[in-house]
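The values are calculated or read from the model by the stated rules, or taken from the named source; none is laboratory data. None of these values were measured; they are calculated from a predicted model. Positions of Cβ are backbone-derived with ideal geometry, glycine not excepted, and every protein chain shown enters the neighbour counts. Note: areas computed on protein heavy atoms with side chains; ligands, DNA, RNA excluded. Shrake-Rupley method; radii C 1.70, N 1.55, O 1.52, S 1.80 Å.
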Amino acid sequence: MDYLVVTIAALIVSALALYSGFGLGTLLMPVFALFFPLPVAVASTAVVHLANNLFKVVLLGRKTDWGLVLAFGLPALIFSIP
């Protein structure tokens, strides 16, 4: 039953994060922490976050405005390097 609750929470939170653009870790981490030890909850949140990002790339990647990605993503990548 616990796994069912966690799975449903992950699906709902992932759907919300798809439209809002943020909040996956913020909403999902406390739910995972209720059912798993903290290190497992953090790792599980990271796995769901990665899977959600890959899903977004597959689902929305074809409609990407590559000019916008280059205009904002490239400078963000360069200035994020310490």
For the range 22-39: of the residues being in contact with a helix residue (DSSP H, G or I) (Cβ under 8 Å, 6 or more places away or on another chain) and open to solvent by 60 Å² or more (accessible area, probe 1.4 Å), which is modelled with the highest pLDDT?
Phe35
Please state which of the following conditions Gly61 fails to meet, knowing it meets all the rest: (1) closer than 20 Å to Asp2 by Cβ; (2) more than 14 Å from the chain's Cα centre (by Cα).
(1)
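Looking at the range 44-73 only, could you name the residues that are surrounded by 10 or more Cβ atoms within 10 Å (Cβ to Cβ), closer than 19 Å to Ala17 by Cβ and among the small types (Gly, Ala, Ser)?
Result: Ser44, Ala46, Ala51.
State whether the residues of the range 12-21 include one that is at negative phi and either at pLDDT 85 or above or touching an Asp or Glu at 6+ places or on another chain (Cβ under 6 Å) (or both).
Narrowing the range 12-21 to residues at negative phi: 12-20.
If we keep only those that are either at pLDDT 85 or above or touching an Asp or Glu at 6+ places or on another chain (Cβ under 6 Å) (or both) too, we end up with 12.
Yes: the range 12-21 contains one or more residues that are at negative phi and either at pLDDT 85 or above or touching an Asp or Glu at 6+ places or on another chain (Cβ under 6 Å) (or both).
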